[in-house]
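This report concerns only the one structure given below.
No lab work stands behind these numbers, since they all come straight from the coordinates. Keep in mind it's a predicted model, so treat the numbers as computed, not measured. Every residue, glycine as well, gets a Cβ built from its backbone with ideal geometry; the counts of neighbours run over all protein chains shown.
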């Protein structure tokens, strides 16, 4: 959800520069089931524009209506939305509405936090009922410093109320090593998913970031020149140079990193040969690193076109980072979300 909150902060900051107020809507509790879980947020601008969504589209109009009093008074309030009687499929959402007034110290701290790929925390103080209550609101903690969303002091918030706590990891990042047509498709779909996508191309290839719609970064470098310092456990990597020797060189360059996932293209035999030669070059490689290598990359969903293969790879990455086994939802017993 970090990329969604990042967009909200950017839009609120932009609106403020234009003299427009913003209201942040945060789902802080849920009774029953819902399209999205607590922790999802959206932004409403004074001109009626909405950024993000907290459901499939059914709740947003009510939030827009309820936000009018927050714009007028500047006072945070709680609203509820009971989807059981309107849709027959959702539970009761408890939504905190408050002015979002991002100041310069917060914007600077937030941008540096994202750049350095550090986690941050969000705490929302609320009451599980409708109305205006003293001490409700949200604060964001970055590097042990707290910033109030509204600008109001929340140090003396009402302790008798409830608190929704959320730790936000760095934005999820996908590094695509390769610059062929299939890499372009994977970049497009990963960007739509909200991931930050970096393309690593061979130094001799006549490509640029403009060839990859949605890409966040681009490098034309050799494997030995690759900067691996910011590869962390919120990073996935897909090797798709279509050259065995080049893939091997990049894999060797990655040997001391800690990504969440490494995908390699091609049949199982190619992966086995790649790992065999990698171990010859790096005999001390950790088993933990080797376990992160998946090949052939992707889920078996019958993919044939580059676009379908991209969906297959992204689906496998999601399964790995969410620690889920793929299954038809129609055949899953119990709730869709287990936590």
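When you have a sec, figure out the Kirkwood radius of the chain from all distinct Cα pair distances and drop it here in Å to one decimal?
On the way: mean 1/r = 0.0451 Å⁻¹.
Across the chain, the inverse of the average 1/r is 22.2 Å.
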_If I model a spin label at residue 232 and residue 165 as a point 7 Å from the Cα along the Cα→Cβ vector, what separation in nanometres do I get?_
2.0 nm
*May I ask you to derive the FRET efficiency for residue 325 and residue 258 from their Cβ-Cβ distance with R0 = 22 Å, giving the value to the nearest 0.05?*
0.40
*Given springs between every Cα pair under 10 Å in a Gaussian network model of the chain, which of 166, 225, 123 has the largest fluctuation?*
225
*Who wins for biggest fluctuation among 174, 24, 254 in a Gaussian network model of the chain, springs between alpha carbons below 10 Å?*
254
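Over the chain, what is the relative contact order in whole percent, taking alpha-carbon pairs under 8 Å and six or more residues apart?
Working: 631 pairs, mean separation 37.7, N = 339.
For the chain, the relative contact order is 11 percent.
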*Considering only 243, 152, 143, give the residue with the highest GNM mean-square fluctuation for the chain, with springs between Cα atoms whenever their separation is below 10 Å.*
243
_Separation between Cα centres of the stretch 269-339 and the stretch 171-232, rounded to whole Å_ = 19 Å
_Which residues among the stretch 246-265 fall inside the zone where the amide N is under 15 Å from a point 7 Å beyond the Cα of residue 290, along Cα→Cβ?_
252, 255-256
_Residue-span extension gain [residue 333 to residue 128] - 0.36 nm each, minus C-alpha spacing_ = 70.9 nm
*So how many Å³ per residue does the convex hull of the Cα atoms of the stretch 220-295 work out to?*
86 Å³
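Taking the beta-carbon count within 10 Å as an exposure proxy, list 224, 127 from fewest neighbours to most.
Working: 224 9, 127 21.
With the sparsest Cβ surroundings first, the list reads 224, 127.
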*Mind listing the Cα extents of the stretch 7-168 along all three principal axes, in Å, largest one first?*
44, 34, 31
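Could you compute how fast the stretch 173-322 diffuses translationally, taking Rh as the Kirkwood radius over C-alpha pairs and applying Stokes-Einstein at 10 °C with viscosity 1.306 mPa s? Give it in µm² per second. Walk me through the intermediate numbers first.
Numbers: Rh = 15.2 Å.
Diffusion coefficient, whole number: 104 µm²/s.
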*So what is the 222 nm mean residue ellipticity for the chain from helices alone, if each DSSP H run of at least 4 adds -39500 (n - 2.57) and you divide by all residues, rounding to the nearest 500 deg cm²/dmol?*
-9500 deg cm²/dmol
